[in-house]
Amino acid sequence: MTKEKTPILLKGLGTGIAVIQLFDIAIHAASDQLEPMRVVSNLIILAWVFVLISGKLSKKIKSVALGSIGTYLGLNLIFLALEGLTNPNTGAPRSMLFLLVILTTALSTVLFTQLKKN
């Protein structure tokens, strides 16, 4: 991958991650099921993406990335440990949570590996 394409890829991945986080918050707000721990995890990832795209902390961005991704995963795992793998209202698995967390983690991992190349 050339240096010219890397910033575009980083911004594209970052934008995709941000859209997922905003979607996650929006669907919970719309259904009146905001879970503070999950919203905090979304905000942590959003802050990391904003810092990345803005170009701030360029020397420490890899450490910030690992910390942000780890905290995001940790908060979501704590949420699942406390609240369960199924929705208590419906008894259905938390499929959307799993999908959004897996997407966010996968895209964040790709983004981190691209940061390591720069």
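The values are calculated or read from the model by the stated rules, or taken from the named source; none is laboratory data. All values derive from a computational prediction rather than experimental measurement. Neighbour counts run over all protein chains shown; Cβ positions are idealised from the backbone, glycine included. Note: areas computed on protein heavy atoms with side chains; ligands, DNA, RNA excluded. Shrake-Rupley method; radii C 1.70, N 1.55, O 1.52, S 1.80 Å.
Test each condition in (1) of a type outside the set (D, E, K, R); (2) closer than 14 Å to Val110 by Cα; (3) open to solvent by less than 40 Å² (accessible area, probe 1.4 Å) for Leu66 and report the one that comes out false.
(3)
Does Gly74 satisfy being at pLDDT 95 or above and under 17 Å from Lys116 (Cβ atoms)?
no
I'm told Lys117 meets every condition in (1) among the charged types (D, E, K, R); (2) farther than 28 Å from Leu10 by Cα; (3) touching a residue at least 40 places away in the same chain (Cβ under 8 Å) except one. Can you identify the failing condition by its number?
Here Lys117 clears every test but (2).
Name the single residue that is surrounded by the fewest Cβ atoms within 10 Å (Cβ to Cβ) among those in the stretch 78-107 being of a type in the set (Ser, Thr, Tyr) and not in a helix (DSSP H, G or I).
Checked the stretch 78-107; the qualifying residue surrounded by the fewest Cβ atoms within 10 Å (Cβ to Cβ) is Thr90.
Report every pair of residues separated by at least 6 positions or lying on different chains whose Cβ atoms are under 6 Å apart, first residue within the stretch 40-53 and on the phi < 0 side of the Ramachandran plot and at pLDDT below 90, second open to solvent by 50 Å² or more (accessible area, probe 1.4 Å) and outside any helix (DSSP H, G or I).
Here the result reads Val51/Leu57, each pair linking the stretch 40-53 to a residue that is open to solvent by 50 Å² or more (accessible area, probe 1.4 Å) and outside any helix (DSSP H, G or I).
Going by the conditions given, is Ile27 open to solvent by less than 80 Å² (accessible area, probe 1.4 Å), of a type in the set (A, V, I, L, M, F, W, C), over 30 Å from Lys117 (Cβ atoms) and at pLDDT below 95?
yes
So that you can scan it fast, the table gives a plain yes or no per residue for (1) at positive phi; (2) in a helix (DSSP H, G or I); (3) out of contact with any helix residue (DSSP H, G or I) (no Cβ under 8 Å at 6 or more places or on another chain); (4) in contact (Cβ under 8 Å) with a residue 60 or more places away in the chain:
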site	(1), (2), (3), (4)
Pro7	no, yes, yes, no
Gln21	no, yes, no, yes
Ile25	no, yes, no, no
Ser58	no, no, yes, no
Ser63	no, yes, yes, no
Asn76	no, yes, no, no
